[in-house]
Amino acid sequence: DTRYPKLPGHIKNPSAFPFPVLYENVPGATMARVLDEPEALLDGFITAAKNLEAEGVRAITGSCGFLARYHLELARAVKIPVFASSLLLIPMVYTMLGRQGRIGIMTANSKALTPDLLQAVGADGIPVAVEGMQDRGEFREVVLEGKQRSLDFALMENEIRSAAKALQHNNPDIRAVVLECTDISPMAHVVQADLGLPVFDLISLMTMVH
């Protein structure tokens, strides 16, 4: 439930997909509440999933990687495939790389990316390196705190590039990057070019599922 502009390449911008998508908003599911009050929102997400299934969609995803904590409950609530988070990609990417090195994760908030989230998507025990966006001003104020409804696209890009470079500099053994946050996805091609590594996100996963 957010109100800031969504760039091309963001899951909430339908131009990202060469196939039809249908959206169901979960009232009150702000970024702050998803991080701080997750239990209070579960019923709302289950209702949204059931509504989408009733509308005839063939698979369901979410617009935030932290929905990993709801993944099993959502998947069990409907009869169609559910992939609630891009974090589901981590086991696959790690296997693709021969289970060597580490997987880099770029996330909206590294402090909130707790082991239980990785466990919920079968990624516990996989070596990862995490870089968060929570201390970068434009991202924090617009995405995490919801203080602004406008967005400085150039500044956001610079913050994401800086975070990506810090991730690689501090963890030279990473062999691929998974973007937890769908607000980073519009810059996935930039991260890939800067780091020279494979980059995977929820758009990648949606395309695979489709």
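The fraction of all Cα pairs in segment 29-82 landing in successive 10 Å bins from 0 to the largest distance is 25, 57, 18, 0, given as whole percents.
Placing unit charges on the Cβ atoms only, positive for Lys and Arg and negative for Asp and Glu, gives segment 3-103 a dipole magnitude near 380 debye about its Cα centre.
Considering all C-alpha pairs of segment 35-150, those separated by over 22 Å amount to 42%. Alpha-carbon geometry of segment 64-210: the Rg and the Dmax are 14.9, 43 Å, given in that order.
Using DSSP to define loop residues, name the trypsin sites (Lys or Arg not before Pro) in segment 115-174 whose beta-carbon has at most 10 other beta-carbon atoms within 10 Å.
Passing both the DSSP loop test and the Cβ count: Lys147, Arg149.
In a simple Cβ point-charge model (Lys, Arg +1; Asp, Glu -1; nothing else charged), the chain has a dipole of about 380 debye relative to its Cα centre. Compute the Cα gyration tensor for segment 1-52, then decide on rounded, prolate or oblate, letting a ≥ b ≥ c be the square roots of its eigenvalues: rounded whenever a/c is under 1.5, prolate when a/b is larger than b/c in the other cases, and oblate in all that remain. Oblate, since a/c reaches 1.5 and b/c is not below a/b. What residue among Ile103, Gly132, Leu118 has its Cα farthest toward the positive end of the dipole of segment 84-141, where the charges are +1 on Lys, Arg and -1 on Asp, Glu, each on the Cβ? So the residue furthest toward the plus end is Ile103.
Say the dipole of the chain comes from +1 at the beta carbon of Lys and Arg and -1 at that of Asp and Glu; which of Pro172, Ala48, Tyr94 then lies farthest toward its positive end? Ranked along the dipole, the leading option is Tyr94. Calculated on the Cα set of segment 115-187, radius of gyration then Dmax: 13.7, 39 Å.
No value in this document is a laboratory result; all are computed from the given coordinates. What you see is a predicted model, and the numbers here were worked out from it, not measured in a lab. Ideal geometry is used to build each Cβ from the backbone, glycine not excepted, and the neighbour counts take in all protein chains shown.
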